[in-house]
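Contents: one structure, followed by commentary.
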Amino acid sequence: MPPTLNRTRSVNWRPLVVCPQPDIYRRLQAVLTELAVEQPCTLAEYPRPGDIAALAERNGCNVCFMDAATNPEQAQVLIAELAASVPVVALHPRDDADLILRCLRRGACEFVADPTAKTVGSVFARLARTRSDAVYRAPGVVYCVVPGKPGCGGSTLAANLAVQLHNDGASQVLLVDGDHLTASIAFMLKLKVQFHLEDVLRDWARMDDDLWSRLTVPAFGVDVLAAPDDPTSRTEVSRQFAAELCTFWRERYEAVVLDLPDVRAAADCGFTAQADVILLVTTNELAALQATRRSLRYLDAGAGDHAKLRLILNRHTPVTGFKREEVNTALAMQPFAVLCNDYAAIQAALLDGKPVPPDSRFGESVRALCRQLSYKSAPVKNKASWLASLLGRK
């Protein structure tokens, strides 16, 4: 046994192998068997985008070997999706410098051109040293804030949530304005920005920490990436780019809050697939509940993972609109949190260009939401009601 292989014993490696190339697949299988490494999950074809992280978690995999050559574009999407939670080793039968660089930019931590017991054993040894030296930290959490209907207060929640996460101890927080039409975040916080999301797209090929620091602006303890100042501009974010962005952000921030205009935009660009938590914001008016119900149907149709959803009932006043229990049954989902209707405090903060004071009713609601988000809670569905039937009418 080569001396480098002894280090593999310090970690119980459980690889996820994704390799459509038959020859490389067989050779890697033989090498892993020779090294006595358990193989809980091996795939001879690429999984669908959005599925690989859940697949690795379900099988308890703590490393991934990814065929980067058979379909380089598809492989890089999968690398970007998985690299935040599991180290990814890219496989290629040739030493291709350009492909190596592209894979590394997507988050691959190792590259193997010739899978032998010596090369793979060396990879395991380096990864074991990395684990023991605690170089990897827990990846940041991505929160996707989406209104069920425009005007439900999603941007207000996103801005105040980001600041509260920082105040609660998150060392690095990023707030991203993904609504190119309203661009509410810079307006709400009275920020003068030179750069925005389109600049990130344009300069992505040469992105590094120094460039990134110049594209964001600090405000109230968080970094802000603004939306374009020109409402006619179209910032087209692809699913692949969304995956790369989230990987980049998770490596640098403890929490990322994305303010997005609606469910369709959030899902089509891929951010709902990448997010750890989707905060769907509604109010208790009939029109808002009807639009939110349609948003939930869109997500249920395959645009997002329902288990990530957290329904936020905003601007709640018990004496007006539908009661919380009626909202539960109308949307077949229990509100995860209820935010107080605090019009005066929110408007005063808007005029001052500041977050809502934490001792206001709305501020206390956001602080309570932050505490709830520290615990994993699955959405609770309820039985249909007369209101659900009303909302479902044609």
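Coordinate-derived values only; no laboratory data. Because the structure is a prediction, the values reported are computed rather than measured. Here Cβ is always computed from backbone atoms with ideal geometry, including for glycine, and neighbour counts include all displayed protein chains.
Here are some notes:
- Using C-alpha pairs under 8 Å with a sequence gap of at least 6, the mean separation divided by the residue count of region 3-132 gives a relative contact order of 30 percent.
- Residue-wise HN-Hα couplings along region 109-120, as the Karplus relation 6.51 cos²θ - 1.76 cosθ + 1.60 with θ = phi - 60° gives them from phi, are 9, 9, 9, 10, 8, 10, x, 10, 4, 5, 5, 5 Hz; Gly and Pro carry x.
- Of (i) 23.9; (ii) 22.5; (iii) 21.5, the label for Kirkwood radius over Cα pairs in Å derived from the coordinates: (ii)
- Protection-proxy order for peptides 80-92, 243-255, 53-65, 160-172, each taking the mean of Cβ atoms within 10 Å per residue, highest first: 80-92, 243-255, 160-172, 53-65
- Distant-in-sequence amide H partners of VAL17 (H built 1.01 Å from N, under 5 Å): CYS41, THR42, LEU43, PHE65
- Protection proxy ranking for 336-342, 353-359, using the average of other Cβ atoms within 10 Å per residue and placing the highest first: 336-342, 353-359.
- Fewest-first ranking of LEU351, LEU35, LEU211, LEU78, using other Cβ atoms within 10 Å as the exposure measure: LEU351, LEU211, LEU35, LEU78
- Candidate cross-link partners of LYS192 among the aspartates and glutamates, defined by an alpha-carbon separation under 16 Å and a same-chain spacing of 8 or more, comprise ASP177, ASP223, ASP229, ASP230, ASP352.
- Relative contact order computed over the chain (Cα-Cα under 8 Å; 6+ residues apart), in percent: 15
- Pairs of Cα atoms nearer than 8 Å and 6+ residues apart set the relative contact order; for region 87-227 it is 19 percent.
- Amide H contacts of GLU110 (H built 1.01 Å from N, under 5 Å, at least 5 apart or other chain): VAL88, ALA90
- Helix 361-373 axis versus longest C-alpha principal axis of the chain: approximately 20°, rounded to the nearest ten.
- Region 178-237 and region 238-268: distance between their alpha carbon centers, rounded to Å: 13
- Per residue, the chain reaches -12000 deg cm²/dmol at 222 nm when only DSSP H runs of four or more residues are counted, each adding -39500 (n - 2.57).
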